[in-house]
1. Which residue out of A:L817, A:L801 is in contact with a Cys (Cβ under 7 Å, 6 or more places away or on another chain), more than 29 Å from A:L478 (Cα to Cα) and either at pLDDT 75 or above or outside any helix (DSSP H, G or I) (or both)?
2. I need a count of the residues in the stretch A:218-246 that are in contact with a strand residue (DSSP E or B) (Cβ under 8 Å, 6 or more places away or on another chain) and outside any loop (DSSP other than H, G, I, E, B).
3. Being exposed (fewer than 15 other Cβ atoms within 10 Å of the Cβ) and either touching a Gly at 6+ places or on another chain (Cβ under 7 Å) or among the β-branched types (V, I, T) (or both) narrows it down to one residue among A:I244, A:I208, A:I188; which is it?
4. Sort through A:S482, A:S475 and tell me the only one that's of a type in the set (S, T, N, Q), surrounded by fewer than 21 Cβ atoms within 10 Å (Cβ to Cβ), in the same structural domain as A:I590 (by TED's automatic domain parsing) and within 22 Å of A:D571 (Cβ to Cβ).
5. Would the stretch A:131-154 turn up any residue that is hydrophobic (A, V, I, L, M, F, W, C), farther than 18 Å from A:T93 by Cα and assigned to a helix (DSSP H, G or I)?
6. Only one of (1) part of a helix (DSSP H, G or I); (2) at pLDDT below 80; (3) within 14 Å of another protein chain (Cβ to nearest Cβ) fails for A:K48. Which number is that?
7. What is the residue count in the stretch A:264-298 for residues that are in contact with a Leu (Cβ under 9 Å, 6 or more places away or on another chain), among the aliphatic types (A, V, I, L, M) and in a helix (DSSP H, G or I)?
8. Would you check which residues across the stretch A:805-820 are surrounded by 15 or more Cβ atoms within 10 Å (Cβ to Cβ) and either free of Cβ contacts under 8 Å to residues at least 24 places away in the same chain or not assigned by TED's automatic domain parsing to the domain that holds A:A840 (or both) and list them?
Amino acid sequence: MSPSLKTSGAALWQRPMAAIVTLALCVALVAGTAWTVLFEIERLTSSKADGLQWSLSQADVEFLNFRLQLQAAQEAVEDGSAPDVVQRALRDTRLRFDVFYSRMNTVDFSEPFDSIEREQALTIPRGEVVAFLDRTIPLIDGDDAKLAAALPAIAEDAAATGVAVRAFSLAALDAFVRVADANEASLIRKLSLIAAVLFAFIAGLSLIALVLMRLTREAREHAELAEGRANRMHTIVETSLDAIVVTDDLGVIRDYNSAAERIFGYRRDEAIGRRVRDILMTNDQADELQNVVRNVMKARERGDHILHPHEVIAVDRFGRRFPAEVSFDRAADDEHLYVSFVRDISLRKAQEEMITQARDRALAGERSKSEFLAVMSHEMRTPLNGLLGSMQLLRDHELNETQSELLDLMQGSGEHLLGLVNDVLDLAKFEAGKMKAESRPFSVSRLMDGVVESTATLASSNGNDLSWSWVGPASDRLTGDSRKIRQILLNLVSNAAKFTRGGGIDIEVEMLGAERNQIEFRVIDSGIGIAEGDIERIFNDFETLDSSYARQAGGTGLGLGIVRRLAKVMDAELGAESEPGDGSLFWIRIPVSEAAAQDEAVGSESQAPAAVPMEVLLVEDNEINRFIAREMLESDGHTVTEAVDGQAGVEWANAQRFDVILMDISMPVMDGAEAACRIRAGNGASADVPIVALTAHALPEEIERFRAVGISQTLPKPIDRKVLARCLNDIVGGRLSGPGAEPQEADVAAPLIDRDQIETLLAGTGVETGRKLLERFTAETDGCIAALVSGPGDRSEIARLAHACAGTCGTFGLTALRRALADIETKTKRNQDVAQDELAALEPLWRDSLDQLRAIDKRLAVA
Amino acid sequence: MFALPRLAKRLSALAVIAASFAAPALPALAQDAEPILLTVLDEEGTVLAEFTLADLEAFPVAEIDTTTNWTDGMQEFTGVPLQILVDAVAPDAKALDLTAINDYAVTIPRDGWDQDYPILAYRNHGQTMSVREKGPLWIVYPYDVSSAYRTDVIHFRSVWQLDRLRVID
């Protein structure tokens, strides 16, 4: 409703009020007036002034009569008339006196006279008259003789009093006239008032009539407006494509539009009066819909205005069941009426179904492709590992120069082939969405040296110089995903090497941004370059540019595609610039952070393994792999027992105690995970020995699964001699143990500090509290470490200290220290002795961790 | 009809008894000791009847307690309803001329009296009324009962010092 309509609505509401007030006023006025009039009528009809005028005039007359009679009686007495004549004359005299007396009395009692008699002009003559009457009464009341004797005196007295009588009646008349005049004036005033009231009444009535007229007109206009609106609404309802069904709260149809006729097949007159559940849907559906309506209405009463459509299965006249979407609300003017819009969505549903199916098919295809690639790569890597391992072992034998060159060639080809297979496997991993960026401290110089070292052969084979250098200030210690960066750089450099002959390949490294939170690597070659139009394409999968060089260089065309994916995983930017003939520049900008402190873990990569002879159980079904692994282990001085499948492995483990079990995962009969589980579950001699999984396809969640069944560590296949040696070394050093050992990273030792953990802690407590906690933690851990280093001797005491300390270390993200402590605890629990050296090593580890913790986070450094 | 007063004079001894019958009370014989209060005349001036106080008191008694315009305070009038008196002397009277000692006169038509009012009062507060007190007879209406008894006409008909009554046929 528009604001103007609202305003007129308010005025409409006020106007009847005004009319009512006016009417009430009129009624009150009329009532008041009527009462006044009635009172006046009463006053007029109860005449009290009546005889006063008469009485006043009569007073004169009667006084005169008295005097005449007095004179007659006097004459009769003087003339010596007969006694009875005298007697009658005297009697009449008395009578006339009494009449006059009575008259004066009457005048006295007359009510209008009350107001008159106070006037002096009146009271003086009246006093004289009364005095005369009082004087005369004794004479009148005396016997005849006495009266006869007194007659002359009375006559004389009466003659003198006559003036007073006259004066009295005149004064009274005058006063009376004035009273009458005042009454008249009062009457006129009242009549005028009545006239005014009548006028006001008529004016009020006219006003009311006017208001009523206006109200009528407005009501008519409103009715017309409402009719217009209703017509419009009718048009809207009838042209709606959705069925509109109006029901009451019992579900009986009250209205039904033409779209509803079309959708449901019932005519309007057939549908109205019947229940929705009887004709438009099944009872179940109607019950459900009713519940939904109830809930939604409740929600709306709470002010939750949701208008989501509800889906039901509707039925039409011909029994066709179809999905329909219902939206509804209570009618604004009647809370027992519901308006529902029903839309037949069977077509949409069918389309959705088709799309879903198409998508599922596409996904399934994609999945099977990825699986196929993964399986193929895996299957190809196994024999390839056999070849490469054999070649490595062949070098232990004496070879002549030709054989040695051939072996180099074979090994080169083999490694290239392995690289291709790895590429495809990586791609499959990307497709599975299982690649995530890691964040660990690393050394840029070490990384770059490694890259250059790895690609030097390839570069030099084409007569290219290869070098790397810093541009701008160097920043060696960073935190990021060094493995992926390395893979990217290897791809870019080998790509450059392929397309450059007798030129140079430079890798420039530069820290970008004011906060130095981005590192840029630029791989610049002086090769053939790329045409501008091709630059867009080069990062696509399987893209090989049609040039003799490209064909010459070979490759899957996956290299740059993998680079693109790796860059995306790390949120890095990637680009290329090139001038055909002048060489190419590939750049990548990777977000990193500077690792502030010296990180011991960074250096561990190149540590030389120290071989301690061990009893090794090797569970591997593939004969070649088994042979190679055995050769590697034995050449490092270990004793190897072989098992050809999981079942055999379990039997060996039960029968004999080993120092370590190397377990292949994919095996027939019983796979590695199952075997590990059984070994742990059994009571055999090697039930608690560390188990190392060997697998070519270790995805993160699989590693988790392995850990769950008691596998301490996972080594990737093909087995790298150095990695294997370091792993075994860790086991000897107790850094890896049996079941329950903390999970460890595959090829990089645990960092001292877990930054994420610190951030979590600080976010939870705030810097101030964090600092206090750190102080307390430092004091406690100092004491605890000191106690452990001094060697308590009692195993349970060591376990208690280690456990308590490990918990708090974990809270502060001191990962390395926590692991060391956990290892000690585990050993004591297994009733193994803990070497004094191991305990002593805790002291420097704690110092280093604390230093790094403070260095990493300046906010905590104050403590 | 005109014989009735004369008959009444002779049967004065029976007056009290007669008053209890339907026949009107008979006026007592005029005695010297007892003054005549009311004289009833016909249109020609012929005396139809004369009433002493005792004669009037022989009629059924009516009482009116009321205030009047001409007196102070509540009055207690005792008298005979005018109709009873009229029925006794001139049942067919169409009007009455009432005349007072002071020669005030007023005519009351037939519909001016009913079976109750006015009365012809001969006592006030139980005492006979002297001429000075507007006696001896006074036509009285119950003024306090209704405004219908407070109109000018009623006031004019309230004749005091009444002594003559002329019947108009």
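The values are calculated or read from the model by the stated rules, or taken from the named source; none is laboratory data. Being a predicted model, the structure only gives us computed values, none of them experimental. Cβ atoms come from the backbone with ideal geometry, glycine included; neighbour counts cover every protein chain shown.
1. That would be A:L801, the only listed residue that is in contact with a Cys (Cβ under 7 Å, 6 or more places away or on another chain), more than 29 Å from A:L478 (Cα to Cα) and either at pLDDT 75 or above or outside any helix (DSSP H, G or I) (or both).
2. Looking only at that region, the number is 5.
3. The unique qualifying residue is A:I188.
4. On the way: A:S482 fails: surrounded by fewer than 21 Cβ atoms within 10 Å (Cβ to Cβ).
On inspection, the qualifying residue turns out to be A:S475.
5. Yes, the stretch A:131-154 contains a residue that is hydrophobic (A, V, I, L, M, F, W, C), farther than 18 Å from A:T93 by Cα and assigned to a helix (DSSP H, G or I).
6. All conditions are met except number (1).
7. So the count comes out to 4.
8. Within the stretch A:805-820, A:A806 is the sole residue that qualifies.
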